[in-house]
Each structure stands twice: as C-alpha cells, then as structure tokens.
Amino acid sequence: LTFFLSHLCAATVSPVLGTVAARWKHSLPDLTYDYGALEPHINAEIMQLHHSKHHATYVNNLNVTEEKYQEALAKGDVTAQVSLQPALRFNGGGHINHTIFWTNLSPNGGGEPQGELAAAINRDFGSFQALKDKMSAATVAVQGSGWGWLGFDKESGKLRITACPNQDPLQGTTGLVPLLGIDVWEHAYYLQYKNVRPDYVKAIWNVINWENVSERLQAAKK
Ligand SMILES: [Fe+2]
C-alpha cells in the first residue's frame, strides 16, 4: 500500500511541480537603450557581451538551479537543497544585480540628482561630490570581482555606501535596499579600460540615471 501511495503521489505531484517550475522561469530583461548608447563612457562591445552573454548566463543558470531545488524540495532532500545554495546566491545575485544595473544607466544620464534624493545625499554625505568620492573609493577598492552600492537603510532611514563581493545581492546579504550599483567585474570594463578600474568608475558617473535612483528611493521608503 505504501509503495502504491508513494507512486501515486509522485505521479500526482510531478505535473503540478512542472507547472510551478515553468511559471517561475526567469528571463533576460530587454535594455531600454541600444548597446552603443552609453558611448563613449561604456562601449557597445562591452554592453553587448555584458547583457547578452554574461547576464543571460546568470539567468539560465538560475533557472537550472531553481529546477534542481524544486526537485530537492519535492524529495525532501535537505542535503541537496543546502548544496544548491551557493549556486542560487551566485546566479540569483547575478540576475538581481544586473537587472538593477541596466536601469541605473541611461544615455541621458549624468548630471546631479534632484529633489528628495539630492536632499538625502546632502544630509547623509555632506554633498553630491562627497557621495561620488566615497562611493568611487569603495567601488574601486573591491578586491577581485564585486559591486559598489548606494543603499537605503530602512531602519535608520539613511543612505549607505557599501560593497559586496562576487554576485552577492545587496539586500539579501546586508538588508540594505539597492538604489545604485556599480559592477566592477572585469567583464564590465576590461575591453575598454583594461586594468584601469578607476577610469571606468570615474566615467560611469556620466551615464547614471538619477531618476531611476530617485524612484528606487521612493519605493524603498514605502
Ligand atoms: Fe556584470
């Protein structure tokens, strides 16, 4: 009877899991600008590879990992669940981070933040220049691959600058809500800036979409 029930169960459950897995597949978001639109600050070749190859790989591997995780959950296999967590962090973080990054950039970007965001920056860092200096320094200083972040601390209501290694996602790792991320993996700049990461970080301020950063701050405050 137990044998019969377990097989009946498996047969009943697996189509349901199949539906759930299919519904939750992640996909590569489209950019709202052309690959060459951020030139001369970030060239088209970097943007094309970064979006269509690197980000796409995180998305594909996230979907594969989630499928394996569903299987492990269905089997009650906790060991398999635990062993999948580094891949979930890496590929899930890669997808989350890059999805934010593309919207943080714009061919019409640069200049200075306005309104409430500008006021919050002045309050928490002293000036916009001070924010740029502090965030640039934290971002350039990332050892190996990682990201520099401007985040919002919901508890204190303040802006914070920090950095995360690898693809660790800001909110899942620190609790800070991500407002602006700067990708300093070599794939983000090497083809144009070679090993000179500070020049890339200096240039990226010319294409920051402050409207998007403002919208993220508004959403984080709700
Ligand atoms: Fe990247």
Please compute the length gained on full extension between residue 43 and residue 83, using 0.36 nm multiplied by the number of residues separating them and subtracting their Cα-Cα distance. 10.6 nm
How much solvent-accessible surface does residue 32 expose, in Å² to the nearest 10, with a 1.4 Å probe and all protein chains in place? 130
Scaled radius of gyration (Cα, divided by 2.2 N^0.38 Å) that the range 181-222 gives: 1.46
Would you report the distance distribution of C-alpha pairs in the range 85-132 as whole percents per 5 angstrom bin, up to the bin with the largest distance? 5, 17, 16, 15, 16, 13, 11, 7, 0
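In whole percent, how big is the carbon plus sulfur part of the accessible area of the range 87-184, probe 1.4 Å, protein atoms only? Mind showing how you got there, number by number?
Working: 2000 of 4060 Å².
So the carbon and sulfur contribution to the accessible surface is 49 percent.
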Cβ-placed point charges (K, R +1; D, E -1), dipole of the chain about Cα centre in debye, nearest 20: 400
Treating the beta-carbon of each Lys and Arg as +1 and of each Asp and Glu as -1, no other charges, what is the dipole magnitude of the range 39-130 about its Cα centre, to the nearest 20 debye? 200
Relative contact order in percent for the chain (Cα pairs under 8 Å, 6+ apart) equals 22
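Quick check: convex hull over the Cα atoms of the range 119-222, volume per residue in Å³, rounded to an integer? All intermediate terms of the calculation are to be shown ahead of the outcome.
Details: hull volume 9.9 nm³, N = 104.
Hull volume over Cα atoms, normalised by residue count, gives 95 Å³.
Kindly report the accessible area of the range 143-207 per residue (heavy atoms of protein chains, probe 1.4 Å, no ligands, DNA or RNA), in Å².
Values: 2810 Å² over 65 residues.
Ligands and nucleic acids excluded, the figure is 43 Å² per residue.
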Ranked by accessible surface with a 1.4 Å probe, highest first, in what order do 133, 124, 34 come? 34, 133, 124
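By Kyte-Doolittle mean hydropathy of at least 1.0 and Cα axial length of at least 24 Å, which whole DSSP H helices of the chain are selected? Intermediate values should be presented prior to the final figure.
Details: long enough: 2-23 (31 Å, 1.18); 56-75 (29 Å, -0.74); 78-104 (38 Å, -0.03).
Answer set is 2-23.
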In units of 2.2 N^0.38 Å, the Cα radius of gyration of the range 107-162 is 1.20
The chain, Cα convex hull volume normalised per residue, Å³: 140
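Once you list every other residue whose beta carbon is under 14 Å from the beta carbon of residue 37, what net charge do they have if Lys and Arg are +1 and Asp and Glu are -1?
On the way: positive: none; negative: 30, 34, 39, 45.
The answer is -4.
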As computed over the range 16-107, the Cα convex hull volume per residue (Å³): 83
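Rounded to the nearest 0.05, what FRET efficiency do residue 133 and residue 203 give with R0 = 22 Å and r taken as the Cβ-Cβ distance? Could you check?
Values: r = 15 Å, r/R0 = 0.69.
For residue 133 and residue 203, the calculated efficiency is 0.90.
The values are calculated or read from the model by the stated rules, or taken from the named source; none is laboratory data. Keep in mind that this is a model prediction, so the values were computed, not measured. Methodologically, a virtual Cβ is constructed for each residue, glycine included, from the backbone with ideal geometry; neighbour enumeration extends over all protein chains shown. To get the accessible areas, we keep the full protein, side chains included, count just its heavy atoms, and leave off ligands, DNA and RNA. Shrake-Rupley method; radii C 1.70, N 1.55, O 1.52, S 1.80 Å.
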